[in-house]
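Values in this text are rule-based calculations from the coordinates and carry no lab data. Source: prediction; values computed, not measured. Methodologically, a virtual Cβ is constructed for each residue, glycine included, from the backbone with ideal geometry; neighbour enumeration extends over all protein chains shown.
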Amino acid sequence: MLAQTSQLIAARYQMAISLGFHIVLSCFGVAFPALIYVVHRRGLRGDADALLLAKRWSKAAAVLFAVGAVSGTVLSFEMGLLWPGMMSAYGDVIGLPFAMEGIAFFVEAVFIGIYLYGWDRLPPKIHLRTLIPIMVSGLFGTFCILAVNSWMNAPSGFHLVEAADGHVDVVDVNPLAAIFNRALWTEFTHMFVATYFVVGFVVAAVYAGGILRGRRDRLHRTGFAVAFAFATVAALVQPLIGHVAGMRLATDQPAKLAAMELATTTEAHAPLVVGGFLVDGKVVGAIRIPGIASLLARASFDREVPGLDGVAAADQPPANVVHTSFQVMVGIALLLLALALWYWWRRRRGVDPLESGRFLRLALIAGPLSVLALQAGWTTTEVGRQPWIVNGVLRVEDAVTPNGGIWLTLTAIVLLYGGLAVATWLTLRSMSRRWRGQPDADLETPYGPPAHDTDAQRVEAR
Amino acid sequence: MTLADVCAALLFVGVLAYSIFGGADFGSGVWDLLAGDAERGGALRVQIDHSIGPVWEANHVWLIYVLVFMWTGFPTAFTAMVTTLFVPWLLVGLGIVLRGIGFAFRKFSATLDEARFYGVGFAASSFITPFFLGMIAGAVASGRVPIEGGDRWSSWTGPTSWIGGTLAVLTCAFLAATFLAADAARAGDANLADQCSRKAIVAGIVTGVVALGAVAVLEMDAESLSNRLQGRGAPFVVLSALAGATALAALHRRSFALARIAAVGAVSSVVLGWGVAQYPDVLVDHARIEAVAGAHATLVGLVIVFGAAAVTAVPAMVWLFLLVNSRRWAQADEHAA
């Protein structure tokens, strides 16, 4: 039993790390093409800085997409390797959106190939338009993946029948009903907007950092403004979608809602619990704002917010993790929304916020913070679903692989992804440095023909 | 032919496409590994970059396609396969990661040392990935994957697995060298085209010899498959031999367009022969298509998804292949970013 539990913990950590890694890259896969489209289009209309940005961003995208393609593949392997209990019982219930996502991935990969290699090879207008299928497949791919995840939270599209021997059969499979489950639209839109939120703030942070270091040219300002505009729209819309997504929980996943709100007892006029931890069943160190939890989660002061007392101990998620991650997500989202509004308000008043070192430093921090918000939000939904892999139907311990040695594969994945993160960072930084040294976007590959042995020779050969 | 058969056939379309397109990309990595130092191998490595750069991600998706069609259409067979063959699947996963990263990052390396570091990752994993995929195929084909799960080690280390792994690497190398020869010729590098056709001829001959040996191994180690291969699979085996011989002759005469078609024909026939010989089993001797197929509505869904892919993804792929095979793309590299 102990070995089994330790096995389960390792499998969960491995899945969490693999997903946490991939989710950042998939954000770039979905949202980055739209940013590139904007600067590329501007570039074709005569803005040389914007065109240069488009070329550089497409090269950075090549690196990020490659990492995303392989980390996504790792996930599809892990679905089977780590969670065979879910795949064998429910593979035909929820596999279809994965197959549909395959189409999105095909289209995306094909047009990424065409776009990245299309510079100077395709007529400019057609070349620009090849970004559109990439954006569309990003949208559709997000839909498919979130169809699976939302189904895990609000499973539908099948019935369970217990046979005489106690074996439970999955019958009446309706894949469309599984896809269009109750959580689909809110989860999908929430994640889709999150991709623009993250990519907008991260790209803006890169240029804020450059401006802070004195590179105050028009290229940096354009790069910042385009990315920050996307981030602003996302930051405005996201709290509304998040709010609607949360309203579903009171009926569908009361345990998750109770953990998010750190509500120990089911009550009307439930207070909003800000901060705090659950210690021995009691909330300590929290600020309580009366009635607000009822208002936010149920749209009325009088309605009950479910508490952990209504959930069997064995079915409760780890409330402290869920509550903390939820509040980190909301806190950062509101903070960055304020930052975005401040920027545009100052601009309206005729003040350039990019002249303010304080603003630039905040915009720089906003990049990593947006990623933290993403991870926190994802932690909220995944850990909040525990102990279920398919809510109310299949527990994680019944889905995990019987194979031993998951601690080994977990260690391997930590080392591999650690190395991969460092390599990605170093490569992007090195590309950026080389771009600073030369005006165009070309980067020469350092191997033949003719083969050059040193950088010095390579520069001579140019 | 039942609906489940149709889905199995569609799944196999993915296996076939991945063997050809994914295979040629892996094979390029194998030649990259064998290309020698920077001085000697530079030209070939640049050609490899150019040939597989725009297409490798799209070709890679075929593997995802195969996995999702398998777990959606035949969920219990899928879980039996990944649980039993846990170790080789992990190694394939590792290989996939290192191959993609190595290839993408090498292109943007700042120094030769960096390029070497990523290049070795790319090339070495291009070797191990098809090898372990071949071992997995061998395990399934020799009836070593029972539906309730089999031995974690002996299931994939039998004679058929070793043959499968070796043949996978060899066919990848044969395809890649043929494709690279054609690409180099189109780009106007006759020297490199010559070099690649010699590699292709060597790889083709070795593949043929190993394939002959494989017949004897299958006879002993994979009885069911061997019987069906000698029965209804026989035409494909003959076709593969003929196409292989044609490819070698065409390579010798340096007529690359024909060589490419013939090489694709040779490899597809052999893969198709395996598929036909597997029928009607998903897992040879252990799981028939009908017995392990998923819910009816889902199978219908899979056929619809395939249809949707045929009108969206496939035309896109065709356009990409036409572009990369056009003269303009082959030669524009000096001007391009």
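How many Cβ atoms of partner chains, on average, are near each residue of A:79-86 if near means within 10 Å of its Cβ? Mind dumping the intermediate values first?
Values: counts 5, 11, 8, 2, 1, 11, 2, 3.
The shielding value for this peptide is 5.
Per 10 Å bin from zero, what fraction in whole % of the C-alpha pairs of the range A:106-223 is there, up to the bin with the longest pair?
Bin by bin from 0 Å, the calculated values are 12, 22, 26, 20, 11, 6, 3, 0.
How tilted is helix A:184-212 with respect to the longest principal axis of chain A? Cα atoms for both, answer in degrees (0 to 90, nearest 10).
Result, in degrees: 40.
Can you give the Rg and Dmax of the range B:121-201 based on its C-alpha atoms, in angstrom?
For the range B:121-201, the Cα radius of gyration and maximum Cα-Cα distance read 17.0, 55 Å.
Please report the Cα spread of the range B:88-149 along all three principal axes, rounded to whole Å, starting with the longest.
On the principal axes, the range B:88-149 reaches 50, 16, 11 Å in Cα extent.
May I ask which residue of A:374, A:293, A:247 lies farthest towards the positive end of the charge dipole of the protein assembly as shown, with charges of +1 (Lys, Arg) and -1 (Asp, Glu) on Cβ and the Cα centre as origin?
Going by the charge dipole, the pick is A:374.
Tell me the relative contact order for the range A:166-304 as a rounded percent, counting alpha carbon contacts under 8 Å between residues six or more apart. Walk me through the intermediate numbers first.
Values: 158 pairs, mean separation 24.7, N = 139.
It comes to 18 percent, rounded to a whole number.
Would you mind getting the Kirkwood hydrodynamic radius of the range A:347-405 from its Cα pairs, rounded to one decimal in Å?
Numbers: mean 1/r = 0.0650 Å⁻¹.
15.4 Å is the Kirkwood radius here.
Could you tell me what a quarter of the Cα convex hull surface of the protein assembly as shown works out to, in nm² with one decimal place? Before the final figure, lay out each step's value.
Working: hull surface 139.0 nm².
Its Cα hull, projected and averaged over all orientations, spans 34.7 nm².
Per residue and in Å³, how big is the convex hull formed by the alpha-carbon atoms of the range A:37-168? Could the numbers behind the result be given before it?
Values: hull volume 14.8 nm³, N = 132.
Residue-normalised Cα hull volume stands at 112 Å³.
Any idea what Rg and Dmax come out to for the range B:236-283 if you just take the C-alpha atoms, in Å?
Gyration radius and largest Cα-Cα distance of the range B:236-283: 12.7, 42 Å.
For chain A, what number results from the quotient of the Cα radius of gyration and 2.2 N^0.38 Å? Please list the in-between numbers first.
Details: Rg = 24.1 Å, N = 462, 2.2 N^0.38 = 22.6 Å.
For chain A, the normalised Cα radius of gyration comes out at 1.07.
To two decimal places, what compactness ratio does the range B:98-238 give when its Cα radius of gyration is scaled by 2.2 N^0.38 Å?
Details: Rg = 18.6 Å, N = 141, 2.2 N^0.38 = 14.4 Å.
Cα-based Rg divided by the globular estimate yields 1.29.
Extending each Cα 7 Å along its Cβ direction at residue A:237 and residue A:303, get the distance between those two points in nm, one decimal.
In this crude label model, residue A:237 to residue A:303 measures out at 2.5 nm.
What's the center-to-center distance, using Cα atoms, between the range B:258-282 and the range A:321-366 in Å?
The range B:258-282 and the range A:321-366 have Cα centres separated by 58 Å.
For the range B:43-124, what Kirkwood radius comes out of the mean inverse Cα-Cα distance, in Å?
On the way: mean 1/r = 0.0692 Å⁻¹.
One decimal place: 14.5 Å for the Kirkwood radius.
Can you give the helix-only mean residue ellipticity at 222 nm for chain A, where every DSSP H stretch with n ≥ 4 adds -39500 (n - 2.57) and the sum goes over all residues, rounded to the nearest 500 deg cm²/dmol? Don't skip to the answer; put the middle values down first.
On the way: 16 runs with 327 residues, N = 462.
The helix-only estimate for chain A comes to -24500 deg cm²/dmol at 222 nm.
Return the whole-Å distance between the Cα centroid of the range A:194-228 and the Cα centroid of the range A:371-408.
So the two Cα centres are separated by 35 Å.
Using only Cα atoms and rounding to the nearest 10 degrees, what angle (0 to 90) does helix A:218-247 make with the longest principal axis of chain A?
It works out to around 10 degrees.
Just to be sure I follow the rule: in the protein assembly as shown, considering lysines 8 or more places apart or on different chains, how many pairs have Cα atoms under 28 Å apart?
Numbers: A:55/A:125; A:55/B:107; A:59/A:125; A:59/B:107; A:125/B:107; A:256/A:282; B:107/B:199.
Taking the Cα cut-off of 28 Å, the pair count is 7.
Within chain B, which complete DSSP H helices have Cα atoms spanning at least 30 Å along the helix axis and a mean Kyte-Doolittle hydropathy of 1.6 or higher?
Details: long enough: B:86-107 (32 Å, 1.36); B:112-141 (43 Å, 1.11); B:159-186 (41 Å, 1.12); B:190-221 (45 Å, 1.06); B:256-278 (33 Å, 1.52); B:296-324 (40 Å, 2.18).
Helices meeting the span and hydropathy rule in chain B are B:296-324.
On a 0 to 90° scale, report how tilted helix A:319-348 is relative to the longest principal axis of chain A, with both axes built from alpha carbons and the result rounded to the nearest 10.
Here the helix axis deviates by roughly 40 degrees.
At q = 0.15 Å⁻¹, what base-10 log of I(q)/I(0) does the Debye formula yield for the range A:315-391 when every alpha carbon is treated as an equal point scatterer in vacuo?
The calculated log intensity ratios at q = 0.15 Å⁻¹ are -0.60.
Hey, what's the Kirkwood Rh for the range A:247-317 if you take every pair of different alpha carbons, in angstrom?
Details: mean 1/r = 0.0848 Å⁻¹.
11.8 Å is the Kirkwood radius here.
Need one number: convex hull volume per residue for the range A:248-365, Cα atoms only, in Å³. Don't skip to the end; give the middle numbers.
On the way: hull volume 15.3 nm³, N = 118.
That works out to 129 Å³ per residue.
Restricting attention to the alpha-carbon atoms of the range B:189-337, what are Rg (one decimal) and Dmax (integer), both in Å?
Considering the range B:189-337 through its Cα atoms, Rg and Dmax are 20.2, 57 Å.
Any idea what the alpha-carbon Rg over 2.2 N^0.38 Å comes to for chain B? Before the final figure, lay out the partial values.
Values: Rg = 19.8 Å, N = 337, 2.2 N^0.38 = 20.1 Å.
The value comes to 0.99.
Using the Kirkwood radius over C-alpha pairs as Rh, can you work out the diffusion coefficient of the range B:33-185 via Stokes-Einstein at 37 °C, viscosity 0.692 mPa s, in µm² per second? Walk me through the numbers before you get to the answer.
On the way: Rh = 16.8 Å.
Translational diffusion coefficient: 196 µm²/s.
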